[in-house]
Amino acid sequence: MARSNGSFHLESPAFGDGDLIPAIHTAEGLNLSPPLRWGGAPEHTRSFALVLDDPDAPAGTWVHWVLFNIPAEIHGLPAGLERAPLLPNGARHGSCWGVRDFHRIGYQGPQPPTGETHRYSFQLFALDQPLELEPGSSVFSLQNALEGHVLARAELTGLYASNS
């Protein structure tokens, strides 16, 4: 089971906490976001925010996915979530794919340097309200908006090493 804050937890049917992320969910495969599911959110949760990053990237923590304003009644995401700035359920993708500059929308799978195994941290935040951020907002804007609104946090870590 992934690390959690109390009973709040995050998991994926595609891989376990600390296990290898299947190639289909990487930039070397089909680059499809993995399916995720969660439960045990605090009673007053009004939305969720998700960040996927690689803390092992040589230039600093590399951001692979930013998704926020996931409605509180949602308890999972399907594989291959569309990369639109605004999703039909009201969730918004932020900008990602970088350390300081972010220029892509939606999930961007693992792509570490050849031969290195990196950790990929999926962090899910249960929030007391939706965030007043526009689609395409950076992870820095998200982090600032999270202040004072996080009710719980859950984490799932996957591993991946490039073969090419």
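Residue under question is GLY94, and the condition is that it be under 13 Å from TRP65 (Cα atoms), under 13 Å from the mean Cα position of the chain (by Cα) and touching a residue at least 12 places away in the same chain (Cβ under 8 Å); does it hold?
Yes; evaluated as a whole, the condition is true for this residue.
With respect to LEU67, determine if the residue is outside any loop (DSSP other than H, G, I, E, B), hydrophobic (A, V, I, L, M, F, W, C) and closer than 14 Å to TYR120 by Cα. So LEU67 fails the test. The set of residues in region 18-36 being out of contact with any helix residue (DSSP H, G or I) (no Cβ under 9 Å at 6 or more places or on another chain), buried (at least 18 other Cβ atoms within 10 Å of the Cβ) and not in a strand (DSSP E or B) consists of ILE21, HIS25, THR26. For HIS64, the criteria (1) touching a Ser or Thr at 6+ places or on another chain (Cβ under 9 Å); (2) closer than 18 Å to THR26 by Cα; (3) modelled with pLDDT of 95 or more hold in every case but one, which is (1). Restricting attention to region 110-118, does a residue exist that is part of a strand (DSSP E or B), surrounded by 18 or more Cβ atoms within 10 Å (Cβ to Cβ) and in contact (Cβ under 8 Å) with a residue 24 or more places away in the chain? The answer is yes; a qualifying residue exists.
Conditions tested, residue by residue: (1) assigned to a loop (DSSP other than H, G, I, E, B); (2) touching a residue at least 24 places away in the same chain (Cβ under 8 Å).
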{"site": "TRP38", "(1), (2)": "no, yes"}
{"site": "HIS44", "(1), (2)": "yes, yes"}
{"site": "ASP53", "(1), (2)": "no, yes"}
{"site": "ASP56", "(1), (2)": "yes, yes"}
{"site": "ILE74", "(1), (2)": "yes, yes"}
{"site": "PRO88", "(1), (2)": "yes, no"}
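Of all residues in region 131-150, those that are more than 27 Å from GLU43 (Cβ to Cβ) have Cβ atoms under 8 Å from Cβ atoms of residues that are among the acidic types (Asp, Glu), 6 or more apart or on another chain, in VAL139/ASP53.
Consider region 19-35 and keep the residues that are in contact with a Pro (Cβ under 9 Å, 6 or more places away or on another chain) and aliphatic (A, V, I, L, M). The one that is nearest to ARG104 (Cα to Cα) is ALA27. Number of residues in region 97-108 that are touching a residue at least 60 places away in the same chain (Cβ under 8 Å) and either in contact with an Asp or Glu (Cβ under 8 Å, 6 or more places away or on another chain) or of a type in the set (D, E, K, R) (or both): the value is 1. Counting the residues of region 128-164 that are among the aromatic types (Phe, Trp, Tyr) and either more than 24 Å from LEU20 (Cβ to Cβ) or part of a helix (DSSP H, G or I) (or both) gives 1. Flag not set for HIS9, criterion: in contact with a Pro (Cβ under 8 Å, 6 or more places away or on another chain) and buried (at least 16 other Cβ atoms within 10 Å of the Cβ).
The values are calculated or read from the model by the stated rules, or taken from the named source; none is laboratory data. Every value quoted in this text rests on a predicted model; they were computed, and no experiment measured them. No Cβ is skipped: glycine too gets one built from the backbone with ideal geometry, and neighbour counts run over all protein chains shown.
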